[in-house]
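Novice: Before I ask anything, here is the structure I am working with.
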Amino acid sequence: MTELLAAAVAGIGGAERPGQVAMAEAVEQAIETGEHLAVQAGTGTGKSLAYLVPAIRHALTTRSTVVVATATIALQRQLIDRDLPRLVTALAPLLGQEPSFAILKGRRNYLCLHRQRGGPADDPQDSLFEPVDTGPASPLGRQVKRLHEWAEETATGDRDELVPGVPEAAWRQVSVSAQECIGAARCPFGSRCFAEKARETAAKAHIVVTNHALMAIDATSDIEVLPGHDVVVIDEAHDLVDRVTSATTGELSGPAVDIAARRAARLTDPGGGEGGAPAVADQLRQAAAALTVDLDDAPAGRMDRLPETLAATLKSVQDAAKACTDAIMASAAGLEDDPPRLAAARLALSSLGELGSTCARILGSFTEELETRPEVVWLDRPFIEDARRPPTLKVAPLEVGPVLRERLFGERTVTLTSATLALGGSFNPLASQWGLNLPGGDQLSWNGLDVGSPFDHPRSGILYVARHLPPPGRDALPEAYLTELEELIEAAGGRTLGLFSSMRAAVQAAGALRERVKQPLLCQGDDVTAQLVKQFAEDEPTCLFGTLSLWQGVDVPGPSLRLVVIDRIPFPRPDDPLASARQRAVAARGGNGFMTVAAAQAALLLAQGTGRLLRTMTDRGVVAVLDPRLVTARYGDFLRASLPPFWTTTDPALVRAALGRLSAADSQA
Ligand code: SF4
């Protein structure tokens, strides 16, 4: 292992680091013993090599596949475009053969040639983005035209390779889900299908890179989407619970039911008679209209009780969807030999199946006692009325741990890694969420390892907590916060990343500070985020303010980022349906719901946010938390213990002086 890792490091052009060696050895041991492993490895450890080298070795020696799952496209790209090509070249001489690797995503991520070249085009009304103009001169029509041109030149059909991307409404015109695909054997384009080619390549690869959602679907459902494997590495594992929760969240809205009804109606015999599909499709359309009215009238937020009218409407949606399904199945004779009609049927059956199962989940979740319900239901309604986002009922699992425990950890050896896994100094909070620990103290066999960070945090960074400020209120940012921000930004000469807990706070701060500081100030929403981050990185004095995606997605080394400001501890909002239900469930079991759910979530985000400061060994700077509760509240110790070990102070003058010195040094450099 040591020899392989050294060759890998030399091949990639880096230096060997003790944390990387310790991690590679631990991953190798986990694979050998079958014990699961959680490894915290700070930025700069080189953790991708530390898991890829033992993973490749295992795949080659056992002639098997190892799956590597990431949360973000950026990391997928880094592994596929940068790390793996150089790694396999470096390792080939020592291993006696060149390891192979592939990327695999869900079918919806690949262009479907059948759909694009004459498969069932959606009626312009078959979209949640109503009314949709798909005419050639419309914005959507132009995007669809672009997709048709791209289809002629792309070698992979992978949506992420289309830059700039296209809106979801356009992509849906040329893609299908796994349930909507008619199957390669029946498809006239089966032999050229991009999704099928990706699957074939993945089936032969030693390493398959995928995303958390596909890995979770493969592990937790009966659909096999990934090649058979016994070892999984989950990178960016701090995001696993959220990604799996999203992948398993069901959604239901009036327009979505209406789309399914239109698809069902189109499959009917034009002369369809009594009891045929036209009649049942009409019933479904009526149920869709009733659902739209019910949801328009219902308050947003978590639903602990299902109103009777809504329950009756959901039952009618469920029954009508079942009747449509039966009617389509009854007229299925000959479909197999008629690919266009078969594709239309798959499209309709897939929508109907989803409606039926989401209705069943929602109705079923209210049959249990409040505290023991396994699923949470809520109504999501945009703050500003938006035709593209109708009021939507959502249903999500209260916990993903039980299913991961049984289907993922129970059947495979898993390594989970990230720069942030130990909360309050312990792996247990996340291990419990993943299902490695059970509330009764029972646990699967797993180890936690913190290999530290190559950065000298106490010397490179200051954690400043503005203890003298008032605690944040419910409303707008207090004037004292804006003054503090102004003074810090002036001292740093700009170079500031402002991480706010709400978009409203980010916009308010940007508006106020633009009047007060001379440095350029960008705010999320001014342009696409990637473009803003690029501008921020390229122009040293520029500041960037924003919210959640910036907490995890900014990687700007050097003098463009000397100050990270966090306006408040990022606890979930009290009306967050999932977090509040999870807190209640923990309390009902006798636990501390606030610490287990809200403080753990805040700790994870705070650690991610503070992690934006030091990206390379030479970076220096300050993380300023304006919320004094980080040092005054009882939970402050737990939160601070989740952060990198920066030198900590509450003295504003000292921090401004340090920022001033850094700014002067940067200006002279
Ligand atoms: S096999 Fe499925 S995904 Fe591939 S082109 Fe045919 S319908 Fe589309």
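The values are calculated or read from the model by the stated rules, or taken from the named source; none is laboratory data. Small disclaimer: the values here were computed from a predicted structure and weren't measured. We place every Cβ from the backbone using ideal geometry, glycine too, and count neighbours over all the protein chains shown. We work out accessible area using only protein heavy atoms, side chains counted, and drop any ligands, DNA or RNA first. Shrake-Rupley method; radii C 1.70, N 1.55, O 1.52, S 1.80 Å.
Novice: Condition first: open to solvent by less than 40 Å² (accessible area, probe 1.4 Å) and either more than 9 Å from the ligand (Cβ to nearest atom) or touching a helix residue (DSSP H, G or I) at 6+ places or on another chain (Cβ under 7 Å) (or both). Now tell me which residues in segment 174-183 satisfy that. Spell out the reasoning first.
Specialist: Step one: list which residues in segment 174-183 are open to solvent by less than 40 Å² (accessible area, probe 1.4 Å), which gives 174-177, 180-183.
Those that are open to solvent by less than 40 Å² (accessible area, probe 1.4 Å) and either more than 9 Å from the ligand (Cβ to nearest atom) or touching a helix residue (DSSP H, G or I) at 6+ places or on another chain (Cβ under 7 Å) (or both): VAL174, SER175, VAL176, SER177, GLU180, CYS181, ILE182.
Novice: Follow-up. Can you work out which of the residues in segment 552-563 that are open to solvent by less than 30 Å² (accessible area, probe 1.4 Å) and not basic (Lys, Arg) is nearest to ARG661 (Cα to Cα)?
Specialist: Keep residues of segment 552-563 that are open to solvent by less than 30 Å² (accessible area, probe 1.4 Å), which gives 554, 556, 558, 560-563.
Still in the list and also not basic (Lys, Arg): 554, 556, 558, 560-561, 563.
On the way: VAL554: 24, VAL556: 20, GLY558: 15, SER560: 15, LEU561: 14, LEU563: 13 Å.
So, considering only residues that are open to solvent by less than 30 Å² (accessible area, probe 1.4 Å) and not basic (Lys, Arg), the one nearest to ARG661 (Cα to Cα) is LEU563.
Novice: Against the condition closer than 28 Å to THR43 by Cβ and assigned to a helix (DSSP H, G or I), how does LEU482 come out, does it pass?
Specialist: Answer is no for this residue.
Novice: Condition test on CYS193, is it surrounded by 19 or more Cβ atoms within 10 Å (Cβ to Cβ), more than 29 Å from PRO54 (Cα to Cα) and over 26 Å from the mean Cα position of the chain (by Cα)? So that I can check it myself, show each step before the final result.
Specialist: Values: surrounded by 19 or more Cβ atoms within 10 Å (Cβ to Cβ): yes; more than 29 Å from PRO54 (Cα to Cα): yes; over 26 Å from the mean Cα position of the chain (by Cα): yes.
So CYS193 fits the description; yes.
Novice: Could you grab me the full set of residues in segment 579-622 that are open to solvent by 30 Å² or more (accessible area, probe 1.4 Å) and not in a helix (DSSP H, G or I)?
Specialist: ARG589, GLY590, GLY591, ASN592, ARG615, THR616, MET617, THR618, ARG620
Novice: Are there any pairs with C-beta distances below 7 angstrom linking a residue in segment 83-100 that is under 13 Å from VAL53 (Cα atoms) to a residue that is open to solvent by 70 Å² or more (accessible area, probe 1.4 Å) and among the acidic types (Asp, Glu), with the two at least 6 apart or on different chains, and if so which?
Specialist: Hits for this filter: VAL88/GLU98; ALA92/GLU98; LEU94/GLU3.
Novice: Suppose the filter is more than 9 Å from the ligand (Cβ to nearest atom) and in contact (Cβ under 8 Å) with a residue 60 or more places away in the chain; does LYS145 pass it? First the steps, then the outcome.
Specialist: Details: more than 9 Å from the ligand (Cβ to nearest atom): yes; in contact (Cβ under 8 Å) with a residue 60 or more places away in the chain: no.
For LYS145, the condition - more than 9 Å from the ligand (Cβ to nearest atom) and in contact (Cβ under 8 Å) with a residue 60 or more places away in the chain - is not met.
Novice: Next up: When segment 298-315 is examined, which residues are found to be of a type in the set (Lys, Arg) and not in a loop (DSSP other than H, G, I, E, B)?
Specialist: Taking segment 298-315 and keeping what is of a type in the set (Lys, Arg), we get 302, 305, 315.
Listed by number, the residues that qualify are ARG302, LYS315.
Novice: Oh, and also: Within segment 218-239, is there a residue that is among the hydroxyl-bearing types (Ser, Thr, Tyr) and closer than 30 Å to VAL53 by Cα? Please lay out each step first, then the result.
Specialist: The initial filter retains those residues of segment 218-239 that are among the hydroxyl-bearing types (Ser, Thr, Tyr), namely 220-221.
So of that shortlist, the ones also closer than 30 Å to VAL53 by Cα come out as 220-221.
Yes - at least one qualifying residue is present in segment 218-239.
Novice: Something else: Could you figure out which of (1) buried (at least 21 other Cβ atoms within 10 Å of the Cβ); (2) at pLDDT 90 or above; (3) over 20 Å from PRO382 (Cβ atoms) isn't true of LEU267?
Specialist: Every listed condition holds for LEU267 apart from (2).
Novice: Kindly list the number of the only condition in (1) crowded, with 23+ Cβ neighbours inside 10 Å; (2) over 19 Å from the mean Cα position of the chain (by Cα); (3) within 13 Å of VAL233 (Cβ to Cβ); (4) not acidic (Asp, Glu) that fails for LEU87.
Specialist: The single condition LEU87 does not satisfy is (3).
Residues checked against (1) modelled with pLDDT under 90; (2) of a type in the set (Val, Ile, Thr); (3) in contact with a Cys (Cβ under 6 Å, 6 or more places away or on another chain); (4) crowded, with 17+ Cβ neighbours inside 10 Å:
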position	(1), (2), (3), (4)
THR65	no, yes, no, yes
VAL68	no, yes, no, yes
ALA92	no, no, no, no
SER100	no, no, no, yes
GLY118	yes, no, no, no
SER127	yes, no, no, yes
PRO139	yes, no, no, no
LYS145	yes, no, no, no
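Novice: Could you please tell me which pairs satisfy a Cβ distance under 6 Å, a separation of 6+ or placement on different chains, a first residue in segment 164-184 that is without any contact (Cβ under 8 Å) to a residue 60 or more places away in the chain, and a second residue that is more than 11 Å from the ligand (Cβ to nearest atom) and open to solvent by less than 30 Å² (accessible area, probe 1.4 Å)?
Specialist: ALA169/SER127; ALA169/LEU140; ALA170/LEU140; ALA170/VAL144; GLN173/VAL144
Novice: Shifting gears a bit: Can you give me the number of residues within segment 529-551 that are open to solvent by 10 Å² or more (accessible area, probe 1.4 Å) and touching a residue at least 60 places away in the same chain (Cβ under 8 Å)?
Specialist: 1
Novice: Collect the residues in segment 156-173 that are open to solvent by 20 Å² or more (accessible area, probe 1.4 Å) and within 15 Å of the ligand (Cβ to nearest atom), keeping them in residue-number order. Let's see the steps before the verdict.
Specialist: Of all residues in segment 156-173, those open to solvent by 20 Å² or more (accessible area, probe 1.4 Å) come to 156, 159-161, 163-165, 167-168, 172-173.
Scanning segment 156-173 gives THR156, ARG159, ARG172, GLN173.
Novice: Inspect all residues belonging to segment 412-425 and state whether any of them is without any contact (Cβ under 8 Å) to a residue 60 or more places away in the chain and in contact with a Gly (Cβ under 8 Å, 6 or more places away or on another chain).
Specialist: Our first condition is that a residue be without any contact (Cβ under 8 Å) to a residue 60 or more places away in the chain; within segment 412-425, this holds for none.
For segment 412-425, residues without any contact (Cβ under 8 Å) to a residue 60 or more places away in the chain and in contact with a Gly (Cβ under 8 Å, 6 or more places away or on another chain): absent.
To keep it simple, each residue is scored yes or no on (1) more than 26 Å from ALA216 (Cβ to Cβ); (2) in a helix (DSSP H, G or I).
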residue: THR43; (1), (2): no, no
residue: ILE56; (1), (2): no, yes
residue: THR61; (1), (2): yes, yes
residue: VAL67; (1), (2): no, no
residue: LEU84; (1), (2): no, yes
residue: ALA90; (1), (2): yes, yes
residue: PRO99; (1), (2): no, no
residue: ARG108; (1), (2): no, yes
residue: HIS114; (1), (2): yes, yes
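Novice: Keeping to segment 184-210, report how many residues are hydroxyl-bearing (Ser, Thr, Tyr) and either in contact with a Phe, Trp or Tyr (Cβ under 6 Å, 6 or more places away or on another chain) or within 13 Å of the ligand (Cβ to nearest atom) (or both). Quick ask: steps written out before the conclusion?
Specialist: Going residue by residue through segment 184-210, those that are hydroxyl-bearing (Ser, Thr, Tyr) are 191, 201, 210.
With the extra rule that they be either in contact with a Phe, Trp or Tyr (Cβ under 6 Å, 6 or more places away or on another chain) or within 13 Å of the ligand (Cβ to nearest atom) (or both), the set shrinks to 191.
Here the count works out to 1.
Novice: Continuing with the same structure: Quick one: in segment 316-345, of everything that is without any contact (Cβ under 8 Å) to a residue 60 or more places away in the chain and within 16 Å of the ligand (Cβ to nearest atom), which residue is nearest to VAL174 (Cα to Cα)?
Specialist: Filtering first and then ranking leaves ASP338.
Novice: Give the residues of segment 470-520 that are within 21 Å of ARG562 (Cα to Cα), of a type in the set (S, T, N, Q) and open to solvent by 10 Å² or more (accessible area, probe 1.4 Å), sorted by residue number.
Specialist: THR483, SER501, GLN519
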